[in-house]
1. Under 21 Å Cα to Cα from LYS176, which lysines show up? Leave out anything in the same chain fewer than 8 places away.
2. Using a simple charge model, +1 on the beta-carbon of Lys and Arg, -1 on the beta-carbon of Asp and Glu, nothing else, what dipole does region 62-177 show about its Cα centre, in debye to the nearest 20?
3. Considering amide H positions built from the backbone, and no H for Pro or chain starts, which residues 5 or more places from ARG92, or on another chain, come under 5 Å of its amide H?
4. Can you give the FRET efficiency to the nearest 0.05 for LYS58 and THR121, using r as the Cβ-Cβ distance and R₀ = 35 Å?
5. How far is it, in nm, from the label point at LYS158 to the one at ASN85 when both lie 7 Å from their Cα along the line to the Cβ?
6. With θ set to phi - 60°, apply the Karplus curve 6.51 cos²θ - 1.76 cosθ + 1.60 along region 127-142 and write out the HN-Hα couplings as whole Hz, x wherever there is a Gly or Pro.
7. Please sort 140-146, 72-78, 52-58, 88-94 by packing, taking for each peptide the average over its residues of neighbouring beta carbons within 10 angstrom, highest first.
8. Show the residues, 5+ positions off or on another chain, whose built amide H is closer than 5 Å to the amide H of TRP113.
Amino acid sequence: MRRAFSVLLAFGVSQWLTGCGGSRPNAEASASVRTTAPPPLASWNMKDKVIKTEEEWKKELTPEQFRILRKKGTERAFTGADWNNHEVGTFRCAGCGLELFASDTKFESGTGWPSFYQPITEGHVASEEDNSLFTRRVEVHCARCGGHLGHVFEDGPKPTGLRYCINSASLKFEKKP
Ligand code: FE
């Protein structure tokens with residue numbers, strides 16, 4: 001009973017917190033279609049990993065991209081370029097250009113951050129447990145450059161039941177010609 005209460009409390013705190021931990025209004029129950037989060041970043045064995053120094057990233061990225069991708073920052077809700085982007089195309093990593101998400105898996109989460117129910121290719125997005133902000137969340141990264149993208153939650157729509165809550169600043173949208 002006490003454990004159940006702790007879990008509920010932790011969930012409540014995580015929903016209350018701002019950042020990509022914001023709750024999804026009117027989320028549908030989708031436990032029956034729930035799948036697991038992507039594999040941990042450390043287990044990802046991509047041959048052409050992009051590894052740069054902090055100084056190199058600073059030169060290439062805007063201050064906002066650097067703060068989010070390399071320092072695990074979060075943009076304010078409803079301020080990014082892509083939360084309300086309804087165009088058809090591909091969302092690439094703003095750091096290294098790897099394809100991360102496709103527009104046909106983007107959905108209206110109501111959170112103010114671009115939200116997707118699955119990565120474009122399973123191996124392109126890696127995850128890691130994030131215990132900051134007094135709660136447990138699952139952080140997601142670009143598997144090639146390790147750039148911070150946002151978090152993944154289990155209150156997404158079908159067919160996966162997952163909600164990848166991503167910072168627009170971590171993405172570079174490529175419109176389909
Ligand atoms: Fe990347």
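1. Answer for LYS176, where 21 Å is the Cα cut-off: LYS106, listed by chain and number.
2. Working: 15 positive and 15 negative charges, 58 e Å.
Here the size comes out at about 280 debye.
3. Counting only residues 5 or more places away or on other chains, the set is LEU100, LYS172, PHE173, GLU174.
4. The calculated FRET efficiency here is 0.75.
5. That separation, rounded to one decimal, is 2.8 nm.
6. 10, 7, 5, 10, 9, 6, 6, 6, 8, 9, 10, 10, 7, 10, 10, 6
7. 140-146, 88-94, 72-78, 52-58
8. So TRP113 has HN proximity to PHE78.
Every read-out reported here was derived from the displayed coordinates using simple, explicitly stated rules and does not represent laboratory data. Just so it is clear, the model here is predicted, and its values are computed rather than measured. All Cβ positions, even for glycine, are placed from backbone atoms using ideal geometry, and neighbour counts span all protein chains on display.
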